[in-house]
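**Q** The structure under discussion is supplied below as structure tokens; questions concerning it will follow.
The values are calculated or read from the model by the stated rules, or taken from the named source; none is laboratory data. Predicted model, so just to flag it, every value in this text is computed and none were measured. A quick note on method: Cβ atoms are made from the backbone with ideal geometry, for glycine too, and the neighbour counts reach across all protein chains shown.
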Amino acid sequence: MRRLDFVDSLRGLAALYIVVFHMTLVPDPHLEVPHWAQAVVLNGGTAVTLFFVVSAFSLCHTMKAHSGQPGAVTDFYIRRLFRIAPLFYAMLVFTTVRDVLYFGAWHSVWEWTKSVLFVFNFFPGSEQGIVWASWTIGVEMVFYLVFPLLFARFRSFPSLMALAFAALLWTVVFHELVVNLAVPAAVQANFYKFSFFRHFPVFILGMLCWLIFNRFVACIEHSPSVGVALILGSLWAYQALLNGALNVGFPDPYYWQAIIYSTLLLGLAILPTPVFVNRLSLFAGKISYSIYLLHPPTILFLIPVYRRIYGLGLPISASFLLCFGVTLGLVLPASLVTYHWIEAPGMKLGKRLLARKQVAPVAGATSPQPI
């Protein structure tokens, strides 16, 4: 199975986008953003939607290569667990120690248990997890759990469209259930915002995007102008989203983000322009998981540095870009280290377990007896 560079690049760009978003908003007061960048930077949270679309797309691409093999579903779960858990557990330990030493805060055994089992998304008040920004991991792990069933059952456009509309209707019902929970309004809002059920339609749209790619893009040569039209169309729609012009069609305009990013993904599948698919985006895509989990504590550590940079009297644009450069200067090397020392060994361990699983029946088989 060949890797799709445009998918890896979008994953990397999403990671970098979320870094600049959190770099701006984590410091209190927030960093001042130059006027020309405000709309884009302050909507960096949409990068998570891109992560979810790309995740569903790439899972379908990978599952297709393994479908039909004995034990494919078990193999899928093993690969996903050893892809996600090692770095997450390392960051869970780091966060626990940091919170005790830096904030004087202790996490209960119950909170720890919910994180270890990846079930924190289902508990109001705990949905964001202990590890900073790990709410997306809680959402992703639930999707991994149900994905093999979805991929086996929903393989046509009508069935996936029906599932997408069913998921969208359920979000409306789920929202009404959440607002009637006996918890504070702020807890209700966060529980709905970060819940798997709110984000589930985005994954379905990612699966639809892959189905379009598999049926009409991967096996058919298209004119580059089709790719250009899709890319530019997605960028036009994105600016409309930033300007609040897409608050139609959905009770929650959040889902327009998935449509926009799916369009961009298909455009890059046809025309992987270097503007998006390049050495930097591919490198960031390779270590995007480490970038995502390492950048929040790095930003916390750098807040005094940001203040000093902004105190130098430089133009706002120069101060902002310098802060971003310093952030990447720490996050990227650290992410490369954790990728090679935690992520890669975890994936290798998963592959060894899969290899043993495949060899075990052969080793235990008996030779046929002569008749």
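**Q** When only residues in segment 198-216 that are surrounded by 20 or more Cβ atoms within 10 Å (Cβ to Cβ) and free of Cβ contacts under 8 Å to residues at least 60 places away in the same chain count, which is nearest to the chain's Cα centre (by Cα)?
**A** For segment 198-216, the residue satisfying everything is 200.
**Q** If you don't mind, another one. Within segment 260-277, which residues are under 14 Å from residue 210 (Cβ atoms) and either of a type in the set (S, T, N, Q) or assigned to a loop (DSSP other than H, G, I, E, B) (or both)?
**A** Residues satisfying the conditions are 262, 263.
**Q** Take the conditions farther than 16 Å from residue 199 by Cβ and loosely packed, with under 12 Cβ neighbours inside 10 Å and apply them to residue 90. Does it pass?
**A** Values: farther than 16 Å from residue 199 by Cβ: yes; loosely packed, with under 12 Cβ neighbours inside 10 Å: no.
Here the answer is no, as residue 90 does not meet what is asked.
**Q** Any idea which of 101, 87 is out of contact with any Asp or Glu (no Cβ under 6 Å at 6 or more places or on another chain) and either assigned to a helix (DSSP H, G or I) or over 22 Å from residue 50 (Cβ atoms) (or both)?
**A** Only one candidate qualifies: 101.
**Q** Can you tell me which condition residue 189 does not meet? The list is (1) modelled with pLDDT of 95 or more; (2) under 27 Å from residue 62 (Cα atoms); (3) surrounded by fewer than 15 Cβ atoms within 10 Å (Cβ to Cβ), and all the others hold.
**A** Here residue 189 meets the rest and fails (2).
**Q** Please find, among 194, 103, 174, 157, the residue that is closer than 30 Å to residue 334 by Cβ and either under 17 Å from the mean Cα position of the chain (by Cα) or surrounded by 12 or more Cβ atoms within 10 Å (Cβ to Cβ) (or both). Let's see the steps before the verdict.
**A** Details: 103 fails: either under 17 Å from the mean Cα position of the chain (by Cα) or surrounded by 12 or more Cβ atoms within 10 Å (Cβ to Cβ) (or both); 174 fails: closer than 30 Å to residue 334 by Cβ; 157 fails: closer than 30 Å to residue 334 by Cβ.
None of the others qualify; the one that does is 194.
**Q** Residue 106 is checked against (1) under 22 Å from residue 294 (Cβ atoms); (2) not in a helix (DSSP H, G or I) and fails just one. What number does that condition carry?
**A** Result: residue 106 fails condition (1) only.
**Q** Being touching a residue at least 60 places away in the same chain (Cβ under 8 Å), of a type in the set (Gly, Ala, Ser) and touching a helix residue (DSSP H, G or I) at 6+ places or on another chain (Cβ under 8 Å) is the requirement here; does residue 335 meet it?
**A** Numbers: touching a residue at least 60 places away in the same chain (Cβ under 8 Å): no; of a type in the set (Gly, Ala, Ser): yes; touching a helix residue (DSSP H, G or I) at 6+ places or on another chain (Cβ under 8 Å): yes.
No.
**Q** A further question on this structure: Failed condition for residue 329, given (1) surrounded by 13 or more Cβ atoms within 10 Å (Cβ to Cβ); (2) part of a helix (DSSP H, G or I), with all others met?
**A** The single condition residue 329 does not satisfy is (1).
**Q** Looking at 306, 289 in this structure, which one is touching a Lys or Arg at 6+ places or on another chain (Cβ under 9 Å) and buried (at least 19 other Cβ atoms within 10 Å of the Cβ)?
**A** Step by step, each of 306, 289 is checked, and only 289 is touching a Lys or Arg at 6+ places or on another chain (Cβ under 9 Å) and buried (at least 19 other Cβ atoms within 10 Å of the Cβ).
**Q** Within segment 1-60, track down each residue that is over 29 Å from residue 316 (Cβ atoms) and surrounded by fewer than 20 Cβ atoms within 10 Å (Cβ to Cβ).
**A** Of everything in segment 1-60, those that are over 29 Å from residue 316 (Cβ atoms) and surrounded by fewer than 20 Cβ atoms within 10 Å (Cβ to Cβ) turn out to be 1, 2, 3, 5, 58.
**Q** Please identify the pairs in which a residue from segment 74-87 that is under 14 Å from residue 145 (Cβ atoms) and among the aliphatic types (A, V, I, L, M) has its Cβ atom under 9 Å from the Cβ atom of a residue that is buried (at least 17 other Cβ atoms within 10 Å of the Cβ) and modelled with pLDDT under 95, counting only partners at least 6 apart or on another chain.
**A** 78/350; 81/350
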